[in-house]
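*Asks:* Below is the structure I would like to discuss, written out as structure tokens.
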Amino acid sequence: MSEFVDKIIIKGIQYGFVRKELKKTDDGDLWHYWSLFFQSSQNLELSHFIKKVTFIIDPSFSKPQRSILDPPYEISVFGVSSFTAFIHVYFTDDTVAPQFFPVFIEIKPDQPYSRLLKNDLLVFARPRQAFYTQLCKIEPQQRLSGLKHHLNPEQYRQWPKNDTEYTGTERSIAVYKIDEILKVVERSNTNAKEERQIVESIIDDERRSH
């Protein structure tokens with residue numbers, strides 16, 4: 001029997017980012033909380049055939065290369081400027097070349113919220129038999145993201161208050177409870193102490209001001 005299967009398998013995927021403006025610090029910097037993600041376009045489990053997803057972000061961050069082994073494939077970081085990130089997807093069959101997806105994280109001061117969601121395809125031609133078996137496993141995604149990046153901006157703004165905390169201003173858009181933010185940050189960055197201090201300070205100031 002041939003080692004390869006004479007078929008083409010196509011998987012729909014989505015990737016991008018969601019960004020929320022926080023608040024200016026005492027030194028005048030306007031901080032933003034953004035999350036970069038990679039997921040199935042149909043909420044299907046990807047871990048059967050994906051070994052890991054590596055996010056390459058700006059070298060100025062404490063850990064510019066972050067690998068996520070299990071879904072949801074996402075990282076969250078706090079920053080003040082725009083930059084280009086890269087998503088590298090590695091497969092369980094090491095003979096299959098990794099795929100790369102660039103994402104430009106654009107920060108506009110006049111937009112307290114921005115979101116980018118791109119649709120694309122993973123195409124596998126004549127996969128090896130073992131890898132083909134993994135590709136054919138179809139089941140719902142087991143661990144869903146808590147970031148709600150699948151919502152459009154209007155839905156996001158109206159998300160129930162038990163999931164988000166509102167600042168009370170027209171310009172601000174739902175700020176996550178601090179524990180919800182930090183659990184994603186810490187999952188994607190083992191050296192998140194500095195980022196924890198930043199977000200605690202910013203959100204505490206935001207709460208006190210309203």
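*Asks:* Look at the range 53-65 and say how many of its residues are in a strand (DSSP E or B) and under 20 Å from L117 (Cα atoms).
*Replies:* Within the range 53-65, residues that are in a strand (DSSP E or B) and under 20 Å from L117 (Cα atoms) number 4.
*Asks:* Let me ask something else. I need a count of the residues in the range 30-49 that are assigned to a strand (DSSP E or B) and crowded, with 16+ Cβ neighbours inside 10 Å.
*Replies:* Qualifying residue count, the range 30-49: 11.
*Asks:* Another question about this same structure. If I filter the range 88-141 down to residues being exposed (fewer than 14 other Cβ atoms within 10 Å of the Cβ) and among the hydroxyl-bearing types (S, T, Y), which single residue comes out as farthest from V53 (Cα to Cα)?
*Replies:* Filtering first and then ranking leaves T133.
*Asks:* Same structure again: Pick from the range 73-87 the residues that are of a type in the set (G, A, S) and surrounded by fewer than 14 Cβ atoms within 10 Å (Cβ to Cβ): which of them is nearest to the chain's Cα centre (by Cα)?
*Replies:* S82
*Asks:* So G16 clears everything in (1) surrounded by fewer than 16 Cβ atoms within 10 Å (Cβ to Cβ); (2) on the phi > 0 side of the Ramachandran plot except one condition, right? Which one?
*Replies:* It is condition (1) that G16 fails.
*Asks:* Determine if the range 57-72 includes at least one residue that is within 30 Å of V5 (Cβ to Cβ), of a type in the set (S, T, Y), within 13 Å of the chain's Cα centre (by Cα) and at pLDDT 90 or above.
*Replies:* Yes, the range 57-72 contains a residue that is within 30 Å of V5 (Cβ to Cβ), of a type in the set (S, T, Y), within 13 Å of the chain's Cα centre (by Cα) and at pLDDT 90 or above.
*Asks:* For a quick check of your reading of the model, give me the residue pairs whose first member lies in the range 33-56 and is in contact (Cβ under 8 Å) with a residue 24 or more places away in the chain and of a type in the set (D, E, K, R), whose second is buried (at least 18 other Cβ atoms within 10 Å of the Cβ) and assigned to a strand (DSSP E or B), with beta-carbon atoms closer than 8 Å and at least 6 apart or on different chains.
*Replies:* Here the result reads K51/F91; K52/I68, each pair linking the range 33-56 to a residue that is buried (at least 18 other Cβ atoms within 10 Å of the Cβ) and assigned to a strand (DSSP E or B).
*Asks:* Another question about this same structure. Scan the range 69-113 for residues that are closer than 23 Å to P59 by Cα, in contact (Cβ under 8 Å) with a residue 12 or more places away in the chain and in a loop (DSSP other than H, G, I, E, B) and jot them down.
*Replies:* Residues satisfying the conditions are L69, V80, S81, S82, E106, I107, P109.
The values are calculated or read from the model by the stated rules, or taken from the named source; none is laboratory data. Just so it is clear, the structure is predicted and the values come from calculations on it, not from any experiment. We place every Cβ from the backbone using ideal geometry, glycine too, and count neighbours over all the protein chains shown.
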